[in-house]
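Student: Structure incoming, see below.
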Amino acid sequence: MDKISVEGGVSLNGTVSVSGAKNSALPILFSTLLASGKHILGNVPKLKDIDSTRELLEALNCRTSVNGHTVTIEADEADNQEAHYDLVRKMRASVLCLGPLLSRYGIARVSLPGGCAIGARPINLHLEALEKMGAQIEIKEGYVEARCSKLKGTSIMFDTVTVTGTENIMMAATLAEGTTVLENAAKEPEIVDLAEYLIKMGAKITGHGTSVITIKGVSQLKASSFDIMPDRIEAGTLLIAGAITGGEVTVEGFNPVLIDALIQKMIESGFKIQTLHGKTQGVKVSSPKIWTGIDITTAPYPGFATDLQAQFMALMCVAQGTSIITETIFENRFMHVQELMRLGADITPKTRTAVVRGKPGGLVGAPVMATDLRASACLVLAGLVSQGSTLISRIYHLDRGYEDLEGKLRSLGARIQRVP
Ligand code: EPU
């Protein structure tokens with residue numbers, strides 16, 4: 001199994017571009033199940049999770065092909081409605097086939113995803129919403145078995161803000177009879193991207209990007225073409241990479257507004273941030289010699305993204321002073337803490353908070369193990385600023401969600417390589 005080796009101590013400088021957003025590409029790939037014809041999706045990142053999604057779509061009898069960053073899908077005969085455990089356990093987002101399959105075919109059998117390193121991550125809110133729309137749902141032999149003659153529009157109030165829950169039900173509602181109103185819906189930019197593709201296919205959706213989304217059901221949708229939005233989490237990760245090494249890095253190809261919560265925190269910590277608008281959008285970070293520890297609390301968009309919490313913690317490990325990091329979205333998203341401590345970080349983890357006592361220049365390279373996608377990115381960032389070499393194992397997590405992170409960091413001057 002490949003590992004990543006990082007030689008720390010080099011400050012990163014230069015310009016780097018972001019790839020397409022994983023968390024937008026995945027629901028949009030699954031949305032193709034709603035309509036026959038040829039879906040042509042551009043700016044799709046090259047990731048393991050995209051390969052897994054194509055594998056599942058093919059198992060559902062879709063035809064898919066890839067040319068560079070363009071993925072073409074034909075879902076005319078998506079007449080197998082079963083998502084097998086072997087595919088779903090590899091990637092939880094597979095549950096996003098449930099809404100589209102049930103809505104188009106009136107039947108779906110989708111494996112329950114099972115446990116996850118960062119939290120329990122149940123899908124009860126997806127299922128309750130579909131039941132409210134008239135589906136009969138049973139859990140049998142580890143599978144969700146869902147049936148309906150036709151889903152019916154209704155009003156649904158999510159108890160908790162759920163990103164894929166909102167996506168699943170928004171997709172299901174496009175072909176339902178009547179109007180569905182989703183309240184306490186997620187406002188993530190990826191929801192907006194998905195809604196925009198659904199609208200391109202002929203769906204009638206308003207309110208996406210706010211907490212109330214209204215979907216008027218239509219009788220059918222038609223395949224179309226669409227470019228996936230840039231990845232704001234990758235952008236934030238690259239920005240923190242420049243920052244943590246004391247460098248000056250421009251990350252381009254995305255709208256800075258989408259990571260405003262991160263930008264505000266970086267400014268508060270002492271970084272100089274310049275936002276670039278117009279033709280070349282992006283953010284330039286210039287690092288001070290010393291930055292200060294500040295507190296963050298993760299929250300649904302537009303709050304501080306849980307998907308940037310681990311990376312920000314790495315930055316705080318080498319800040320001056322103390323930072324209190326509070327994770328409110330997932331109950332177990334501090335797996336990186338013990339690994340950061342192996343590099344010499346001074347962190348006291350509690351249930352939902354971690355107290356980080358910063359040590360500028362205080363990390364020393366060591367072998368560490370990645371536990372999930374964002375924890376892997378956090379360890380790479382920590383490796384960049386650790387003295388000597390850091391060897392990160394289990395980096396297959398990284399390949400699920402970052403397109404060529406090492407190549408991008410190398411282009412900024414990092415001494416990072418993949419070792420077999
Ligand atoms: N929740 C429930 N019941 C549900 C659904 C969610 O209790 O039916 C809870 C979860 O357990 C969690 C909270 O609600 O405590 C929020 O979970 P959410 O459903 O929003 O998460 P998700 O949709 O499974 C997506 C991203 C995650 C990202 C979260 C939060 C995709 C494919 N995944 O997950 O991305 O962390 O939203 O923003 O969009 C990542 O990219 O590394 C990643 C984990």
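Residue by residue, here is whether (1) open to solvent by 20 Å² or more (accessible area, probe 1.4 Å); (2) part of a loop (DSSP other than H, G, I, E, B); (3) at positive phi holds:
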{"residue": "P45", "(1), (2), (3)": "no, yes, no"}
{"residue": "V71", "(1), (2), (3)": "no, no, no"}
{"residue": "E77", "(1), (2), (3)": "yes, yes, no"}
{"residue": "L96", "(1), (2), (3)": "no, no, no"}
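Student: Now for a separate question. I'm trying to understand the selection: among the residues of the range 113-133, which are open to solvent by less than 60 Å² (accessible area, probe 1.4 Å), assigned to a loop (DSSP other than H, G, I, E, B) and closer than 18 Å to V163 by Cβ?
Tutor: Passing the criteria: P113, C116, A117, I118, G119, I123.
Student: Could you check the range 147-156 and list, in sequence order, the residues that are farther than 27 Å from H84 by Cα, more than 16 Å from the ligand (Cβ to nearest atom) and open to solvent by less than 50 Å² (accessible area, probe 1.4 Å)?
Tutor: If the condition is that a residue be farther than 27 Å from H84 by Cα, more than 16 Å from the ligand (Cβ to nearest atom) and open to solvent by less than 50 Å² (accessible area, probe 1.4 Å), then G153, T154 are the ones that fit.
Student: Given the conditions (1) over 23 Å from K48 (Cβ atoms); (2) open to solvent by 30 Å² or more (accessible area, probe 1.4 Å); (3) assigned to a helix (DSSP H, G or I), which single one is not true for E138?
Tutor: With respect to (1) over 23 Å from K48 (Cβ atoms); (2) open to solvent by 30 Å² or more (accessible area, probe 1.4 Å); (3) assigned to a helix (DSSP H, G or I), E138 is out only on (3).
Student: Please verify whether E183 is farther than 24 Å from K48 by Cα and either touching a residue at least 12 places away in the same chain (Cβ under 8 Å) or not basic (K, R) (or both), treating the condition exactly as stated.
Tutor: Criteria met by E183.
Student: Let me ask something else. Take the conditions touching a residue at least 60 places away in the same chain (Cβ under 8 Å), of a type in the set (A, V, I, L, M) and open to solvent by 10 Å² or more (accessible area, probe 1.4 Å) and apply them to V163. Does it pass?
Tutor: Considered against the rule, which asks whether it is touching a residue at least 60 places away in the same chain (Cβ under 8 Å), of a type in the set (A, V, I, L, M) and open to solvent by 10 Å² or more (accessible area, probe 1.4 Å), V163 comes out as yes.
Student: Can you pull out every residue in the range 262-297 that is buried (at least 19 other Cβ atoms within 10 Å of the Cβ) and not in a loop (DSSP other than H, G, I, E, B)?
Tutor: Within the range 262-297, L262, I263, K265, M266, S269, G282, V283, V285, I296 qualify.
Student: Moving on to the next point. Show the residue pairs that are 6+ apart or on different chains and have beta-carbon atoms under 6 Å apart, the first residue being within the range 285-299 and aromatic (F, W, Y), the second being surrounded by 15 or more Cβ atoms within 10 Å (Cβ to Cβ) and assigned to a loop (DSSP other than H, G, I, E, B).
Tutor: Going by the 6 Å Cβ cut-off, the qualifying pairs are W291/G270; W291/A319.
Student: Please find, among L98, L87, L57, the residue that is more than 12 Å from the ligand (Cβ to nearest atom) and within 22 Å of M201 (Cα to Cα).
Tutor: L57
Student: Do the conditions hold for T351, that is, is it within 24 Å of Q387 (Cβ to Cβ) and open to solvent by 50 Å² or more (accessible area, probe 1.4 Å)?
Tutor: no
Student: Moving on to the next point. Report whether or not L112 is at pLDDT 95 or above and either over 16 Å from A93 (Cβ atoms) or within 13 Å of the ligand (Cβ to nearest atom) (or both).
Tutor: No: the conditions fail for L112.
Student: Does T245 qualify as being within 19 Å of the chain's Cα centre (by Cα) and either open to solvent by 50 Å² or more (accessible area, probe 1.4 Å) or more than 24 Å from G20 (Cβ to Cβ) (or both)? Steps first, answer last, please.
Tutor: On the way: within 19 Å of the chain's Cα centre (by Cα): no; either open to solvent by 50 Å² or more (accessible area, probe 1.4 Å) or more than 24 Å from G20 (Cβ to Cβ) (or both): yes.
Here the answer is no, as T245 does not meet what is asked.
Student: Out of all the residues in the range 208-242, which are in a strand (DSSP E or B), within 16 Å of the ligand (Cβ to nearest atom) and open to solvent by 30 Å² or more (accessible area, probe 1.4 Å)?
Tutor: H208, P230
Student: So, in the range 79-94, of the ones that are among the hydrophobic types (A, V, I, L, M, F, W, C) and without any contact (Cβ under 8 Å) to a residue 60 or more places away in the chain, which residue ends up surrounded by the most Cβ atoms within 10 Å (Cβ to Cβ)?
Tutor: We begin by selecting, within the range 79-94, every residue among the hydrophobic types (A, V, I, L, M, F, W, C); these are 83, 87-88, 91, 93.
Checking which are without any contact (Cβ under 8 Å) to a residue 60 or more places away in the chain leaves us with 83, 87-88.
Values: A83: 26, L87: 21, V88: 23.
Checked the range 79-94; the qualifying residue surrounded by the most Cβ atoms within 10 Å (Cβ to Cβ) is A83.
Student: Scanning the range 168-189 for residues that are open to solvent by less than 10 Å² (accessible area, probe 1.4 Å) and under 17 Å from I329 (Cα atoms), which turns out nearest to the ligand (Cβ to nearest atom)?
Tutor: Only one residue fits best here, namely A186.
Conditions (1) closer than 19 Å to T328 by Cα; (2) small (G, A, S); (3) more than 11 Å from the ligand (Cβ to nearest atom), marked per residue:
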| residue | (1), (2), (3) |
| --- | --- |
| I123 | yes, no, no |
| L127 | no, no, no |
| G142 | no, yes, yes |
| E145 | no, no, yes |
| F158 | yes, no, no |
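Student: So, one more: Go through (1) within 16 Å of the ligand (Cβ to nearest atom); (2) open to solvent by 30 Å² or more (accessible area, probe 1.4 Å); (3) of a type outside the set (A, V, I, L, M) one by one and return the number of the condition E327 breaks.
Tutor: (2)
Student: Can you name every residue in the range 298-324 that is among the β-branched types (V, I, T) and within 14 Å of the ligand (Cβ to nearest atom)?
Tutor: T298, T306
Student: Now, a different point. If a residue must be part of a strand (DSSP E or B) and over 14 Å from G321 (Cβ atoms), how many such residues does the range 348-368 contain?
Tutor: Qualifying residue count for the region: 7.
Student: Now for a separate question. Considering only the range 336-347, state which residues are open to solvent by less than 20 Å² (accessible area, probe 1.4 Å), of a type in the set (A, V, I, L, M, F, W, C) and part of a helix (DSSP H, G or I).
Tutor: The answer is V337, L340.
Student: Further, regarding this structure: Only one of (1) open to solvent by 40 Å² or more (accessible area, probe 1.4 Å); (2) part of a helix (DSSP H, G or I); (3) over 23 Å from R109 (Cα atoms) fails for A195. Which number is that?
Tutor: Single failed check for A195: (1).
This table checks each residue for (1) part of a loop (DSSP other than H, G, I, E, B); (2) touching a Phe, Trp or Tyr at 6+ places or on another chain (Cβ under 9 Å); (3) polar (S, T, N, Q).
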| residue | (1), (2), (3) |
| --- | --- |
| S11 | yes, no, yes |
| E58 | no, no, no |
| S65 | no, no, yes |
| N80 | yes, no, yes |
| L87 | no, no, no |
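The values are calculated or read from the model by the stated rules, or taken from the named source; none is laboratory data. Note that the structure is a prediction, hence the values are computed from the model and not measured. Glycine gets a Cβ as well: all are built from the backbone with ideal geometry, and neighbour counts include every protein chain shown. Please note that ligands, DNA and RNA were not included when accessible areas were found on the heavy atoms of the full protein model with its side chains. Shrake-Rupley method; radii C 1.70, N 1.55, O 1.52, S 1.80 Å.
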